[in-house]
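The values are calculated or read from the model by the stated rules, or taken from the named source; none is laboratory data. As the structure is a computational prediction, the values presented were derived from the model and not from experiment. Ideal geometry is used to build each Cβ from the backbone, glycine not excepted, and the neighbour counts take in all protein chains shown.
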Amino acid sequence: MEFIPIVIPRSESELAVMVSLLEAHGIPYFVQNRGFGGLYPGIGLSLLNDRPIMVPEDYASQARQLLAVFDDAPPQT
């Protein structure tokens, strides 16, 4: 089962809501850098601080559709 990235949350609260939605709909997921990404706040390096949500290829379209509501969110300032 190959996991592919579908979205990179912009905040910890957005990550929590996205993960809750995936769990509620029975979609398996993996959050890359989940523990390590929040360890060192400050400079934003994508390899260290980003926490992409990954799902199996079979669930990718369903997960994207479920999380599409976050595409319309205004950018953070």
* Out of all the residues in segment 31-45, is one or more more than 11 Å from the chain's Cα centre (by Cα) and at pLDDT 80 or above? -> no
* Subset of segment 47-60 (residues that are more than 13 Å from the chain's Cα centre (by Cα) and modelled with pLDDT under 95) -> LEU47, LEU48
* Asked: Of MET1, MET18, which residue is at pLDDT below 90 and aliphatic (A, V, I, L, M)?
  -> MET1
* In segment 18-35, which residues are surrounded by 15 or more Cβ atoms within 10 Å (Cβ to Cβ), under 14 Å from LEU67 (Cβ atoms) and free of Cβ contacts under 8 Å to residues at least 40 places away in the same chain? -> VAL19, ILE27, TYR29, VAL31
